[in-house]
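So the structure is just underneath, and the comments pick up after that.
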Amino acid sequence: MTLFQPFLILHITAGFVAVVVGFVPLLTRKGSRAHRLWGRVFVGLMATLLACAWVMTALHFNTYFLALSATASLTLFSGVRVLKRKRPDLRLEDRAGALDWAAALGALAIGVWVLILIATGESDGPPTVSAALAFGAIQSSLWDLWRFARPRDWPFSADLWRYEHLVKMLGAHSAVLSAFSGNFLTALPQPWSQLWPTVLFHSLAVIWVATLIVRRRLAPA
């Protein structure tokens with residue numbers, strides 16, 4: 001057995017469980033004990049999955065896995081970290097630290113690198129999906145960098161952390177679901193077997209956040 005195989009087995013196992021567990025925090029009341037408990041379980045599974053993904057990418061380089069690992073890692077990390085950065089306008093300790101900056105800059109660099117590899121014909125993964133993931137990493141990192149540099153500026157609000165957490169955790173779940181679908185739901189045509197979870201979950205995130213904003217504005221002062 002090569003060094004790659006144990007990490008692959010653990011990666012797949014954690015991914016299978018994360019696909020199922022990820023639905024539980026979505027369906028439980030936000031802020032409840034069950035939501036926090038299953039959210040932590042999901043984060044632990046995703047962290048295990050991503051740690052294995054980085055090791056496998058280092059052992060057997062592939063631009064698709066690199067872009068997917070970067071996008072999912074930043075989304076998960078930032079989605080959890082924002083819970084500790086709720087009010088950067090009021091508390092200096094809620095502002096981004098060195099680790100936050102490093103994660104965002106690292107994902108940005110990887111996203112640009114993957115696009116260069118695709119443009120120069122040196123990509124060894126599916127170009128359409130790899131490019132979509134690279135753009136996702138760039139978009140997420142630029143958003144975080146703007147929020148870090150200008151924490152009080154647009155579109156800041158007292159509830160922004162809630163919207164960010166929702167969007168990013170949905171993004172993390174869609175990433176693992178995309179990998180699962182691309183590998184096991186082979187009846188669907190490429191690249192849609194890998195892209196449909198992203199389209200579905202991003203649409204859900206937009207609708208969900210819009211609903212929360214409308215409810216917030218209509219609520220009595």
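Please pick out the residue among R87, R36 that is open to solvent by 40 Å² or more (accessible area, probe 1.4 Å), under 16 Å from H165 (Cα atoms) and in a helix (DSSP H, G or I). Of the residues listed, the single one that is open to solvent by 40 Å² or more (accessible area, probe 1.4 Å), under 16 Å from H165 (Cα atoms) and in a helix (DSSP H, G or I) is R36. The number of residues in the stretch 95-125 being under 19 Å from L83 (Cβ atoms) and not small (G, A, S) comes to 4. For beta carbons closer than 6 Å, sequence separation of 6+ or different chains, a first residue in the stretch 193-208 that is touching a residue at least 40 places away in the same chain (Cβ under 8 Å) and a second that is open to solvent by less than 20 Å² (accessible area, probe 1.4 Å), the qualifying pairs are Q194/V129; Q194/S178; Q194/G182; T198/S174; T198/S178.
Would you check if T75 is of a type in the set (S, T, N, Q) and buried (at least 23 other Cβ atoms within 10 Å of the Cβ)? Here the answer is yes, as T75 does meet what is asked.
Among the conditions (1) under 20 Å from P25 (Cα atoms); (2) in contact with a Phe, Trp or Tyr (Cβ under 7 Å, 6 or more places away or on another chain); (3) polar (S, T, N, Q), the only one that S130 does not satisfy is (1). Being under 20 Å from the mean Cα position of the chain (by Cα) and free of Cβ contacts under 8 Å to residues at least 60 places away in the same chain is a property that A134 lacks.
Residue-level check: of (1) buried (at least 17 other Cβ atoms within 10 Å of the Cβ); (2) more than 19 Å from S178 (Cα to Cα), P6 misses just (1).
Screening A51 on (1) within 15 Å of the chain's Cα centre (by Cα); (2) within 21 Å of S178 (Cα to Cα); (3) open to solvent by less than 30 Å² (accessible area, probe 1.4 Å) shows it passes everything except condition (3).
Screening F65 against (1) at pLDDT below 95; (2) over 21 Å from T198 (Cβ atoms); (3) in contact with a helix residue (DSSP H, G or I) (Cβ under 6 Å, 6 or more places away or on another chain) leaves a single unmet condition, (2). The test for being free of Cβ contacts under 8 Å to residues at least 40 places away in the same chain and of a type outside the set (G, A, S) does not hold for L117. How many residues does the stretch 56-72 hold that are assigned to a helix (DSSP H, G or I) and either open to solvent by 50 Å² or more (accessible area, probe 1.4 Å) or touching a strand residue (DSSP E or B) at 6+ places or on another chain (Cβ under 7 Å) (or both)? Residues flagged as assigned to a helix (DSSP H, G or I) and either open to solvent by 50 Å² or more (accessible area, probe 1.4 Å) or touching a strand residue (DSSP E or B) at 6+ places or on another chain (Cβ under 7 Å) (or both) within the stretch 56-72 amount to 3.
Given the structure, is G44 under 22 Å from G106 (Cβ atoms), among the small types (G, A, S) and modelled with pLDDT of 95 or more? Outline the logic, then answer.
Working: under 22 Å from G106 (Cβ atoms): yes; among the small types (G, A, S): yes; modelled with pLDDT of 95 or more: yes.
So G44 passes the test.
The values are calculated or read from the model by the stated rules, or taken from the named source; none is laboratory data. Just so it is clear, the structure is predicted and the values come from calculations on it, not from any experiment. Virtual Cβ from ideal backbone geometry, glycine too; neighbours counted across all protein chains shown. Note: areas computed on protein heavy atoms with side chains; ligands, DNA, RNA excluded. Shrake-Rupley method; radii C 1.70, N 1.55, O 1.52, S 1.80 Å.
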